[in-house]
Amino acid sequence: MAATVDESAHWHTPQERAAFVRDILDRIGDKWSVIVICRLGKEPHRFNELRRASDGITQRMLSSTLRALERDGIVTRTVHPTVPPRVEYALTETGRTLLDVVKALARWTDQHVDVIRAARADYDQRTHATA
């Protein structure tokens with residue numbers, strides 16, 4: 001079920017809205033959210049499929065990440081009436097628009113990884129020399 005915009009909702013202050021925006025950016029920009037969004041970009045996945053595809057994530061962290069993304073309307077959780085129940089996670093329409101942004105960020109990172117690595121080494125060498 002897609003979320004709808006409540007036209008009567010308003011922000012009391014610009015700072016309140018800015019804080020909410022920062023909260024959203026924290027959610028969609030964290031390591032595990034980015035990985036989950038990318039994994040779900042191809043097709044829906046069951047929990048354990050996502051866990052295996054997301055090297056290093058714990059069961060607790062994946063569960064927490066999926067709940068937060070579901071709360072924000074980026075991921076849907078569908079329970080299929082089978083025995084045992086089969087649960088699948090998929091991107092919502094909003095999540096699909098975010099996928100394009102996340103993929104662009106991943107491409108940028110891949111294109112600049114060597115430059116960033118060299119910059120870090122240079123910075124570390126300069127700051128350790130003065131310490």
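The values are calculated or read from the model by the stated rules, or taken from the named source; none is laboratory data. In this text the structure is predicted, and so the values were computed from the model without any measurement. As a convention, Cβ positions derive from the backbone with ideal geometry for all residues, glycine included, and neighbour counts pool all protein chains shown.
Annotations
- Boolean, Gly95 is in a loop (DSSP other than H, G, I, E, B), surrounded by 11 or more Cβ atoms within 10 Å (Cβ to Cβ) and modelled with pLDDT of 95 or more: no
- Residues of segment 79-92 classified as more than 19 Å from the chain's Cα centre (by Cα) and at pLDDT 95 or above, total: 0
- Some residue of segment 61-71 being free of Cβ contacts under 8 Å to residues at least 60 places away in the same chain, under 19 Å from Arg27 (Cβ atoms) and acidic (Asp, Glu): yes
- Given (1) touching a helix residue (DSSP H, G or I) at 6+ places or on another chain (Cβ under 8 Å); (2) small (Gly, Ala, Ser); (3) over 25 Å from Thr109 (Cα atoms); (4) modelled with pLDDT of 95 or more, number of the condition Ser64 does not satisfy: (1)
- For segment 37-60, the set of residues classified as among the aliphatic types (A, V, I, L, M) and either in contact (Cβ under 8 Å) with a residue 40 or more places away in the chain or surrounded by fewer than 18 Cβ atoms within 10 Å (Cβ to Cβ) (or both) consists of Ile37, Leu40, Ala53, listed by residue number.
- Identification of helices (runs of 4 or more DSSP H) wholly contained in segment 12-70 with 3 or more residues that are within 15 Å of the chain's Cα centre (by Cα) and of a type in the set (D, E, K, R) yields 14-29.
- The residues in segment 77-92 that are closer than 15 Å to Leu40 by Cβ, touching a residue at least 40 places away in the same chain (Cβ under 8 Å) and outside any loop (DSSP other than H, G, I, E, B) can be counted, and the count is 5.
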